[in-house]
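Reading through the structure tokens given below for one structure.
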Amino acid sequence: MSRAMQFAVGAAAMAIEDSGLDWPRLDPERIGVVMGTGIVPVDLAELAPALARACDAEGRLQTTRLGANGGSALFPLWILKHLPNMVAAHISLVFNAQGPNSTITTACAAGTQAVGEAFRLIERGDADIILAGGADSRTDPLLMLAYAALGALSRGERPATEVSRPFDGERDGFVLGEGAGVLVLEDLEHARQRGAEVYAEVLGFGSSFDAYAITKPDPQARGATRAIEWALREAQVDPSEIDYINAHGTSTRLNDLMETTAVKRVFGEGARTLSLSSIKSMVGHLIGAAGAVEAAALALTLHDGVLPPTINQTHPDPECDLDYVPNNAREVPVRAALSTSFGFGGQNAALVMRRFAG
């Protein structure tokens, strides 16, 4: 397993334990897995011996030697660490989930989209229970170098805990994180029959594409607006009923401004009384797993009535002028809430959840 796959299986085990489900007694054909993920880093140190054996005396790679000379230096199942579908596959193998199985690779929107797609699978009766979420780990040197070359990472020299500062006037890029988040999505009647503790209800999901640019979002936020509006429409929730948004909030100049614009477009004057915050200020950007961890945080916000803060909000940006729950958590009852994710290439996803009323 890759590092991300190990995170995924661990998170799934924790989710199952927390759910209280009598797992061995469940029908495995009614259990699915949907996971978001992305690039799996290649460890060059693992490849180097195999490539060295396949080179001639001048150091040139001879492809005809790969099988005979190079292959013997490589673990036979090495390739399985690098197939994105193996994140969901390993969870399904370990927990005998024989129902729908899918892998979402829509960059930073993948975790949110995985939860949304799982919601729809249950809604149309394809499964009773789905382990849904995301897992990612890109903190290896090569990918760090690639993100730095792209200009996405912060170049600041602040103390580590102060670098990620979504919506702050001095933000200059995101901080890579790693990990996994897995939610147990369950048909509501199925959950009621067993007396489950329900953290929140998923009501709607929306996804769209900017078709604007590969590396930057549409500054008019048209794609993000569509995803949010479509999620609200499926949920049959009026914008005025949303009390809180778990924002994508990457700490990049363009994304945070675009997201602020999208909120204003969807909620109009109501945006001024709406609270939103980014937990990336505290956990970093988990890329393919980000939306899954944020969906879990949103469910807990609804369940516990506590808004997580956006830390490092110390220098107001006049263009990011909403209530981002700066620096300190806030105890507020939340009826309905939204989680948003926006990925490279123009991927947009949004989830609507509601506090479970019993």
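The values are calculated or read from the model by the stated rules, or taken from the named source; none is laboratory data. On a predicted model such as this, the values are computed, not experimentally measured, just so you know. Every residue, glycine as well, gets a Cβ built from its backbone with ideal geometry; the counts of neighbours run over all protein chains shown. Please note that ligands, DNA and RNA were not included when accessible areas were found on the heavy atoms of the full protein model with its side chains. Shrake-Rupley method; radii C 1.70, N 1.55, O 1.52, S 1.80 Å.
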Take every DSSP beta bridge whose two residues both sit in the range 1-160, then give the antiparallel share in percent to the nearest 5. 10
For the range 214-240 and the range 281-322, what is the separation of their C-alpha centers, rounded to whole Å? 18
Accessible area per residue, Å², the range 155-292 with all protein chains present, probe 1.4 Å: 42
Order 112, 103, most accessible first, counting only protein heavy atoms with a 1.4 angstrom probe. 103, 112
Give me the accessible area of residue 222, 1.4 Å probe, in Å² rounded to the nearest 10. 100
What figure in square angstrom, to the nearest 10, would you give for the accessible area of residue 123 with a 1.4 Å probe? 120
Over the chain, what is the percentage of antiparallel beta bridges among all DSSP beta bridges, to the nearest 5? 60
Most to least accessible of 302, 121 (protein chains only, probe 1.4 Å): 121, 302
Could you state the number of Å between the C-alpha centres of the range 120-188 and the range 1-53? 16
Angle, helix 290-304 long axis vs. longest principal axis of the chain, Cα atoms, 0 to 90°, nearest 10? 30
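So what's the projected area for the chain, the Cα convex hull averaged over all directions, in nm²?
19.7
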Per the helix-only model, the chain has a calculated mean residue ellipticity at 222 nm (DSSP H runs of ≥4, -39500 (n - 2.57) each, divided over all residues, rounded to the nearest 500) of -10000 deg cm²/dmol
Linear extension gain, residue 211 paired with residue 94, 0.36 nm per residue minus alpha-carbon span: 38.3 nm
If you fit an axis through the alpha-carbon atoms of helix 253-267 and take the longest principal axis of the Cα set of the chain, what angle between them do you get, 0 to 90°, nearest 10? 40
Return the distance in nm (one decimal) between the two label points of a simple spin-label model at residue 254 and residue 187, each offset 7 Å from Cα along Cα→Cβ. 4.5
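What's the local net charge at residue 172, with K and R +1, D and E -1, over the other residues with C-beta under 13 Å away?
-1
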Using a 1.4 Å probe on the protein heavy atoms, what percent of the accessible area of the chain belongs to carbon and sulfur? 54
Would you kindly find the accessible area of residue 172, with a 1.4 Å probe and non-protein molecules such as ligands, DNA and RNA excluded, rounding to the nearest 10 Å²? 70
Heavy atoms only, probe 1.4 angstrom, no DNA, RNA or ligands counted: give me 106, 314, 64, 139 ranked by accessible area, highest first. 64, 314, 139, 106
